[in-house]
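Here the structure comes first, spelled out in structure tokens, and everything after it is commentary.
Rule-based calculations on the coordinates, nothing more; no lab input. Note that this is a predicted model, so its numbers are computed, not measured. Note that each Cβ is placed from the backbone with ideal geometry, even for glycine, and that neighbours are counted across all protein chains shown.
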Amino acid sequence: MKEKEEERIPWYIIRFNSRFRVYWDLFIILLAIYNCILIPIDVGFGEKFYGSHEKAIGTIDSVLDLFFFMDFIFNFVTTYISPKSGTEVSDSKRIAKAYVKTTSCYIDLLATIPFDQIAILFFRDSNLDLSFFGVLKLVRLLRLRRIVTFLKVNQSFQFGIRLIQTIGMLVLVVHWFACIWYLIVIT
């Protein structure tokens, strides 16, 4: 019976618990952590930090934008467990409807939009400091909530993970404030 159900899933549907999806989500989490560290540095230091590597970093950012867009699309074709029936939903229309009804959809949409590139297109000739638009990419950090989804473990392990998350957030906030402080001092 189970084999017949698996055969009915269309080829373009990604199972929520497939190896590919787990690795993909971990990859997206790593990209969000990368953004968490580099975006404040970019805003605070800009060209002084990157020097001659600014074009390479811009290319990397564009590739990251592509990965976040791919993740947004993948979420429209990833199965989920129906809270009502407890079964895996593999119908693409139901998956898309369910995803659009979640706040995750809108967070992922905001994380996908390359605000800094759009700002460059519209304000290229002005004297505005456009590096601030890169801060809007910090919305991508909300994707880190996926870690909790993966960890279906006992309560004491969850406490340890929450402690690590809290310490990590404290370090990141200090990092952000240091970059902002530097930006204020040099201007």
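Key figures for this structure:
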item: Table column - 3J(HN,Hα) (Hz), the range 56-62, Karplus curve with 6.51, -1.76, 1.60, x for Gly and Pro; result: 5, 5, x, 5, 4, 4, 5
item: Proxy reagent accessibility, fewest Cβ within 10 Å first, across H175, H53; result: H53, H175
item: FRET efficiency, 1/(1 + (r/R0)^6) with R0 35 Å, evaluated for F159 and M70 via beta carbons; result: 0.55
item: Ranked V43, V22, V77, criterion: other C-beta atoms within 10 Å, fewest first; result: V22, V77, V43
item: Between the range 28-96 and the range 103-125, the alpha-carbon center distance in angstrom; result: 12 Å
item: Amide H contacts of I14 (H built 1.01 Å from N, under 5 Å, at least 5 apart or other chain); result: T78, T79
item: Extension reserve of the L109-I57 stretch, reckoned as 0.36 nm per residue once the Cα distance is removed; result: 16.5 nm
